[in-house]
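Visitor: Please see the structure below; I have some questions.
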Amino acid sequence: MTLINKVILVLSISLCFSSCENKNSVPTQTFADLDLKRGDLLLCGDPNFGEVSFSLSCRYDLRETFNLGLSLIHSFEYAEAEKAFVSILDQDSECLMAYWGTAMSILNHPLSLKQNSESLKRGEALLKVAQTLTPNNDREKDYIDAVSIYFKDWQTLDTRTRKAKYEGKMEELYNKYPGDVETAVFYSLAILATADLNDKTYSKQKKSGKILEDLFKTNPNHPGIAHYIIHNYDSPELANLALTTARQYAVIAPASAHAQHMPSHIFTRLGLWDESIKSNIDSANSAVCYAESVNPNASWVSEIHAIDYLVYAYLQLGDNAKAQLEMDKVKEIKEVFPEDHFASAYALIAIPSRLAIENKNWELATKLELPKTKLDWNKADWPKAILHFSRALGFANTGNPSAAKKELDILVSLRDRLTSAKNSYESGQVTIQIEAIKAWIEYSKGNSEEAIAYMKVASNLESKTSKAAVTPGEIIPADELLADLYLALNKPKEALETYKINLNGHPSRFNGIYGAAKAAQNLNDIEQATYYFEELIRLSVKTNSTRPEVSEAKDFLAI
């Protein structure tokens, strides 16, 4: 894949709108002192990020660069977006909307559960300069006022509060500027950013998605519209609504590693593993290309994120060999950028945990360790919880409940840290893990009724939450783990019912299908056992899988 160093810098003297003469001058030193990203735009492959058009009251010759920066934002390519907007400011330090674009780039991932303090400091400093300028019109002022909400009082106001305030402001703009595409797109994203992941009615996602679907009819090549539709419908209940869009997004923005990856969110929700694999191979390759130009000694978070989804998909096909090849790549990762990106920490722990747990290799699970990659693991309580959850499950299934209890104690302390930090979603996810481990410790001790009770609590809690975008799925769904428990306790009827519930929310999961087949077989329900074993063969037919479950299915079906 060829690296294209692309800089859109037009040096000719250009026109200003008549209102430019009313601008205040910005001291060059003040702007120059800001810590901003500069340099060539580093784009891999076809330098196409989709089509956007944004009217602005700055130099006309800089409009193409502005639109490029905006399209980069819409595919979460923030580092390059920042460079694009800063290149405008270096030529026209009075272009107010370029300050807005730079601030939006610095902000990074409005969907994140928390935001980086260093980025917030940079954005705050930038906007102090922007606020010395006189806006050309109300819209410029409104946009600056809106983005400023994210940075104002960030030391004392939590992320959720600032997101809610921003959504309120964007709603004002949406009503004030009807027909303005970008205002509608950013408003829809603001709605999504405030969605409660515990709201299984998906009211916010549906509201945001409706705005975007209407826009997509007349703006079929807009990267943000396609991108945010996928994010809105990234759940088992809504995923079908985004399948067509998912298959279009990578074509709309072929130069974006994130655009190559993002369709796999929908493919994963629908169990379309082959499409997910292609999506993430393309994304990882694009990310490697980008990393080679930025920091050849490190891995970009987009590659690591794509590998997590890739490993998940391979495991659902029973393809341990290809999953292990990706794991081998991950083992070699010593440094990542950005260092503080949560998705890296999550994936680096989730990937080896998936390989152990999906294969029920409990001995391997007990030996999982914190990755040696250079990261501040003290800021990764939720990912670390995955490690200790996996270890605890391993100990409980190898007859060592005391060792599992030690891991459980660590889980409780991590949950308490997350609760104290007001990370309610993350603490809730760890609570689910805690209840599940309590269940399997009781199972290990021979206390079947207590085990079932705890596991039902975990299953019920998980049924009331949605997954975060950072992950393709839980390390093991609580419903599936409950069904496994029923099966281990020789309760095949309850097991089959629970496996079916699990497969409704997690279609085409390898272990869910195998478990259902075993439960049906134990019930002497040959028809259902045949159906599920045939499904397992269908899943793994192209992989030459070495999983013993596939051999068992072939023996049952006498293939």
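The values are calculated or read from the model by the stated rules, or taken from the named source; none is laboratory data. Note that the structure is a prediction, hence the values are computed from the model and not measured. We place every Cβ from the backbone using ideal geometry, glycine too, and count neighbours over all the protein chains shown.
Visitor: Hey, can you tell me all the residues within region 436-472 that are surrounded by 21 or more Cβ atoms within 10 Å (Cβ to Cβ) and without any contact (Cβ under 8 Å) to a residue 40 or more places away in the chain?
Guide: 438, 442, 451, 454, 455, 458, 459, 462
Visitor: Does region 255-270 contain at least one residue that is more than 17 Å from the chain's Cα centre (by Cα) and surrounded by fewer than 22 Cβ atoms within 10 Å (Cβ to Cβ)?
Guide: no
Visitor: So residue 229 clears everything in (1) at pLDDT 95 or above; (2) part of a loop (DSSP other than H, G, I, E, B); (3) of a type in the set (Val, Ile, Thr) except one condition, right? Which one?
Guide: Here residue 229 clears every test but (2).
Visitor: For region 354-391, which residues satisfy the criterion of being under 18 Å from residue 428 (Cα atoms) and free of Cβ contacts under 8 Å to residues at least 60 places away in the same chain?
Guide: 379, 380, 381, 382, 383, 384, 385, 387, 388
Visitor: Kindly evaluate residue 225 against the criterion of being buried (at least 21 other Cβ atoms within 10 Å of the Cβ) and either of a type in the set (Lys, Arg) or in contact (Cβ under 8 Å) with a residue 40 or more places away in the chain (or both).
Guide: yes
Visitor: Now a separate question. For region 107-120, state whether one or more residues are under 24 Å from the mean Cα position of the chain (by Cα), in contact (Cβ under 8 Å) with a residue 40 or more places away in the chain and assigned to a helix (DSSP H, G or I).
Guide: Taking every residue of region 107-120 in turn, at least one turns out to be under 24 Å from the mean Cα position of the chain (by Cα), in contact (Cβ under 8 Å) with a residue 40 or more places away in the chain and assigned to a helix (DSSP H, G or I).
Visitor: Count, please, the residues in region 138-177 that happen to be outside any helix (DSSP H, G or I), within 24 Å of residue 205 (Cα to Cα) and at pLDDT below 95.
Guide: Here the count works out to 1.
Visitor: Only residues that are under 22 Å from residue 551 (Cβ atoms) and among the hydrophobic types (A, V, I, L, M, F, W, C): list them for region 478-495, please.
Guide: Answer for region 478-495, where residues must be under 22 Å from residue 551 (Cβ atoms) and among the hydrophobic types (A, V, I, L, M, F, W, C): 483, 487, 488, 495.
Visitor: Could you pull out the residue among 427, 402 that is farther than 17 Å from residue 304 by Cα and surrounded by fewer than 19 Cβ atoms within 10 Å (Cβ to Cβ)?
Guide: 402
Visitor: For region 444-559, please list each of the helices (runs of 4 or more DSSP H) lying entirely inside it that holds at least 1 residues being acidic (Asp, Glu).
Guide: Of the helices (runs of 4 or more DSSP H) lying wholly inside region 444-559, those with at least 1 residues that are acidic (Asp, Glu) span 448-463, 478-488, 492-505, 526-540, 548-557.
Visitor: Considering only region 510-539, how many residues are among the basic types (Lys, Arg) and in contact with a Gly (Cβ under 7 Å, 6 or more places away or on another chain)?
Guide: Qualifying residue count, region 510-539: 0.
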